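The values are calculated or read from the model by the stated rules, or taken from the named source; none is laboratory data. What you are looking at is a predicted structure, and each value in this text was computed from that prediction instead of being measured. Reconstructed Cβ throughout: ideal geometry from the backbone, glycine too, with neighbour counts over all protein chains shown. Accessible surface is based on the protein model in full, side chains and every heavy atom, while ligands, DNA and RNA are left aside. Shrake-Rupley method; radii C 1.70, N 1.55, O 1.52, S 1.80 Å.
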Amino acid sequence: MKRWFLLLSLYSFTINSFAEDTQFINEVSIGTGESKDNIGIYRLGVKKNFETTFFESNYGWLSGYYEASLNYWEKEECQIYGIAFSPVFVYYVGSKSNTIHPYIEAGIGLAYISDTIIKGCNMTTNFQFEDRIGMGIRTEFFDLNARYLHYSNARIKQPNDGIDIIIFTMSYIF
């Protein structure tokens, strides 16, 4: 499964990189959420949408985006800053001619965090994977979604506490 995910990501990145007359950034997003350990999460992101679609049918289509984000986590006096980059695949439900597009999304990306411990949660390494699943609604100018994010080092080094986050984001589409 990861092999197909990586191949589709590489294909989409290659197509988007060499497409003429495309914007480098299509969206900006802000988000806020919380972990199950009451760690506050704040996120600022930029997105580049795939110019390619896959598996188009009467029921929907598959596409996606790349997202680079700045992240801030806080709990009491503890703070962590992070950056992340994720390719994300999105399945849009319905016809492309609709004005509102509900969707589901999933992605696996890379992150770097400034510290490895936040209030008893030991992430062990600064390098992390950012896994996500979510759902949302997209219009012509806005994208609203809810996501579950999981950060961990994939057992590169123990302990691997990881952190689970529920986050709500809003994007403005150029």
> What net charge do the residues around Gly45 carry, taking every other residue with its C-beta under 12 Å from that of Gly45, with Lys and Arg at +1 and Asp and Glu at -1?
Replying inline: +1
>> Tell me which trypsin sites (Lys or Arg not before Pro) from the range 83-142 have a DSSP coil assignment and no more than 15 other beta carbons within 10 Å of their own.
In response: Lys96, Lys119
> So how exposed is Tyr148, as accessible area in Å² (1.4 Å probe, rounded to 10)?
Replying inline: 90 Å²
>> Keeping all protein chains in place and using 1.4 angstrom, which order do Ser97, Ser152, Ser57 fall into by accessible surface area, from largest down?
In response: Ser97, Ser57, Ser152
>> If I model a spin label at Gln23 and Ala146 as a point 7 Å from the Cα along the Cα→Cβ vector, what separation in nanometres do I get?
In response: 2.8 nm
> If you take the square roots of the eigenvalues of the alpha-carbon gyration tensor of the range 79-157 and sort them as a ≥ b ≥ c, do you get rounded (a/c under 1.5), prolate (a/b over b/c) or oblate?
Replying inline: prolate
> Which option, (i) 10.2; (ii) 15.5; (iii) 12.5, is the value of mean projected area of the Cα convex hull in nm² that was calculated from these coordinates?
Replying inline: (i)
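Roughly speaking, what is the stretch gain from Lys36 to Leu70, that is 0.36 nm per residue apart minus the C-alpha to C-alpha distance, in nm to one decimal?
Details: separation 34, 0.36 × 34 = 12.24 nm, distance 2.06 nm.
The Lys36-Leu70 span can extend by a further 10.2 nm.
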> Quick one: helix 2-18 against the long Cα principal axis of the chain, what's the angle to the nearest 10°, folded into 0 to 90?
Replying inline: 60 degrees
> In the range 24-174, carbon and sulfur make up what percent of the accessible area (probe 1.4 Å)?
Replying inline: 64 percent
>> Give the aspartates and glutamates reachable from Lys48 as a straight Cα distance under 12 Å; neighbours fewer than 8 places away on the same chain don't count.
In response: Glu27, Glu67
> So for the pair Ser95, Arg155, with labels modelled 7 Å out along Cα→Cβ, what separation do we get in nm?
Replying inline: 4.8 nm
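Set the Förster distance to 22 Å, then compute FRET efficiency between Asp164 and Ile137 from the Cβ-Cβ distance, nearest 0.05. Let's see the in-between values first.
Numbers: r = 23 Å, r/R0 = 1.07.
Plugging the Cβ-Cβ distance into 1/(1 + (r/R0)^6) gives 0.40.
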> Gln128: net charge of surrounding residues, Cβ under 13 Å, Lys/Arg +1, Asp/Glu -1, itself excluded?
Replying inline: -2
> Heavy-atom accessible area of Asp143 with all protein chains present, probe 1.4 Å, nearest 10 Å²?
Replying inline: 0 Å²
> What is the distance in Å between the Cα centres of the range 130-151 and the range 47-69?
Replying inline: 13 Å
>> Can you tally the net charge around Asn145? Count Lys and Arg as +1, Asp and Glu as -1, for every other residue whose Cβ sits under 9 Å from the Cβ of Asn145.
In response: 0
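Give the residue list of trypsin sites (Lys or Arg not before Pro) in the range 30-59 that are DSSP loop and have at most 14 other beta-carbon atoms within 10 angstrom.
Values: sites: Lys36, Arg43, Lys47, Lys48; in loops: Lys36.
For trypsin sites (Lys or Arg not before Pro) across the range 30-59 that sit outside H, G, I, E and B with at most 14 neighbouring Cβ atoms in 10 Å, the list reads Lys36.
Quick check: residue separation of Lys119 and Phe174 times 0.36 nm, minus the Cα distance between them. What number comes out in nm? Please list the in-between numbers first.
Details: separation 55, 0.36 × 55 = 19.80 nm, distance 3.85 nm.
Answer, rounded to one decimal: 16.0 nm.
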